Amino acid sequence: MAEFSHNSATHSVTNQTPFLLMMGFRPRAYSPIEKTFFPALDKRLKLLDAARKEAMAAHAKAAQAVNERIGAKFTPWKVEAKVWLDSRNLKINFPS
């Protein structure tokens, strides 16, 4: 599922999915839900469809919250601006 999710996600640079670029088409994550002759199965499929829609709505809401949080406090740096550099994680040959 992780591989499918990664290969089905649109890349920000190409605006295409890796699957589409390699295979030439977009696969469907699940088959369309059709009417069945089994009431229990029909009920289960409706529950799964409702759960999927709810999860997608929650994911969209979380993505929107992340985008709002990221853009709220960040001010882009200007060329030649002085910034603080924390050297604790830099691999250098002398003490810092």
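General observations
- Full-extension gain in nm, LEU21 to SER87, via 0.36 nm per residue minus C-alpha separation: 19.7 nm
- Pairwise FRET efficiency - ASP42 versus SER5, Cβ, R0 = 30 Å, nearest 0.05: 0.60
- Computing log10 I(q)/I(0) by the Debye sum over Cα atoms at q = 0.14, 0.22, 0.24 Å⁻¹ directly from the structure and comparing it against (1) -0.90, -1.17, -1.22; (2) -0.55, -1.23, -1.35; (3) -0.60, -1.14, -1.27 singles out (1).
- Computed over neighbours whose Cβ is under 14 Å from that of LEU20, the net charge equals +2, Lys and Arg +1, Asp and Glu -1.
- Considering only ALA2, PRO95, MET22, the residue lying farthest towards the positive end of the dipole of the chain is PRO95, judged by Cα position with unit charges set on Cβ.
- Förster radius 35 Å - calculated FRET efficiency between LYS53 and TRP77 (Cβ-Cβ, nearest 0.05): 0.25
- Each Lys or Arg adds one and each Asp or Glu takes one away; over the other residues whose Cβ falls under 13 Å from the Cβ of ALA62, this sums to 0.
- Take each peptide in 2-15, 77-90, count the other Cβ atoms within 10 Å of every residue, and average; sorted highest first, the result is 2-15, 77-90.
- Relative contact order of the chain, taken over Cα pairs closer than 8 Å and 6 or more residues apart, is 10 percent.
Taken together, the values in this text are just the output of simple stated rules run on the coordinates, not laboratory data. Model, not experiment: these values are computed from the prediction. As a convention, Cβ positions derive from the backbone with ideal geometry for all residues, glycine included, and neighbour counts pool all protein chains shown.
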